[in-house]
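Working notes, beginning with the structure itself.
Only the coordinates and a few stated rules stand behind these numbers; no lab work does. Just so you know, these numbers come straight off a predicted model, no measurement behind them. All Cβ positions, glycine included, derive from the backbone under ideal geometry; neighbour counts span all protein chains shown.
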Amino acid sequence: MSQTTFSFEIFPPNKESAAEKLTETLDELVGLSPDFISVTCTNKNDDLARLTVKLAGYVKNRLNVPSIAHLPAAYLDKQQVSEILNELETLGVTNLLALRGDRIEGRKPRDDFRHVSDLIAYVHENFPDFHISAACYPEIHPESNSRVDDIKHLKYKTDQGVDSLITQMFFDNESFYRFRECCELADINTPIVAGIMPIVKRKQALRILNTSSATLPKKFTAILNKYHDDPESLKAAGLAYAIDQIVDLVTQGVAGIHLYTMNDAETAKYIWQATRSLFENGRKVHQA
């Protein structure tokens, strides 16, 4: 029986002055014994790429937790990517989440990595010591024409050298199970880690609807409607919903749970306390 992993995603602060608060958050997250912590990056801010590398090194070397550095490469050339990877290797960080990254209006992407599959192939060939993760979309990539088209591109991407997949956030487990079945039928055997984001504020839910391809099922919209003017009850219901998702996913044999923390240690701790036995028992079985 394989171990179900439990991990967190954090993002660098927009300003280095906020780094101290994030360090405090990380100290609390480390106490939850995650299997790894991923550090996000955006291609819209060159400073964040530098902070991502620095923060991934901090997690790996100061906190002794495996870290994954996000690398969006649409606006980078091969030399820039190699410099970043060399720096990560120097820090002992050899886990990478390969991404194309968001399109930037009015800015033309570079030609070296027009697709994330180009980046994956480049890293796989030139930096063989890296463990490469990639993103996937249980509800279909927003630029795909159909489920068939999406799975076809995912198959090609994984064949370039992907070691694991991490999903975009989703709120309906059935969509994940359908997606996982499609992957199996397409002979995509890469472990799929489920990305879960606890919704604890109404504004957070509305922002997700406006900025991502994830949809909120009727079960969750009913929560938003009932507690729209009761923040405390909404938070309690949102946490319970995420916990229910995680329990169901672990029961159904998911490879891992990746919690999008929004740098909120309190929420992560609450969920870990409610679900820790599921992961700790799995680790005992794995070690036996």
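Highest mean first, the peptides 198-207, 222-231, 70-79 sorted by other C-beta atoms within 10 Å per residue fall in the order 70-79, 198-207, 222-231. Please give the calculated 222 nm ellipticity per residue for the chain, where each DSSP H segment of at least 4 residues contributes -39500 (n - 2.57) and the sum is spread over every residue; nearest 500 deg cm²/dmol? It lands at -16000 deg cm²/dmol.
Between Asp229 and Asp163, the modelled label-to-label distance comes to 5.3 nm, taking each label 7 Å out from Cα in the direction of the beta carbon.
With the charge dipole of the chain set up from +1 on Lys and Arg Cβ and -1 on Asp and Glu Cβ about the Cα centre, the Cα lying farthest toward the positive end among the listed residues Asn64, Thr190, Leu216 is that of Leu216. Overall, the anisotropy analysis places the range 207-288 in the prolate class: the square-rooted eigenvalues a ≥ b ≥ c of its C-alpha gyration tensor yield a/c not less than 1.5, with a/b exceeding b/c.
Taking every alpha-carbon pair in the range 5-287 and binning the separations at 10 Å intervals from zero gives 6, 28, 37, 25, 5, 0 percent. What the Cα atoms of the range 152-193 give is an Rg and a Dmax of 10.3, 29 Å.
By the scheme Lys and Arg +1, Asp and Glu -1, what is the net charge of all other residues having a beta-carbon under 11 Å from that of Lys157? Net local charge, Lys157 excluded: 0. Computed about its Cα centre, the charge dipole of the range 5-287 is approximately 520 debye, with only Lys, Arg, Asp and Glu carrying charge at their Cβ.
Placing unit charges on the Cβ atoms of the charged side chains and taking the dipole of the range 129-243 about its Cα centre, the candidate lying farthest along the positive direction among Leu154, Ala134, His228 is His228.
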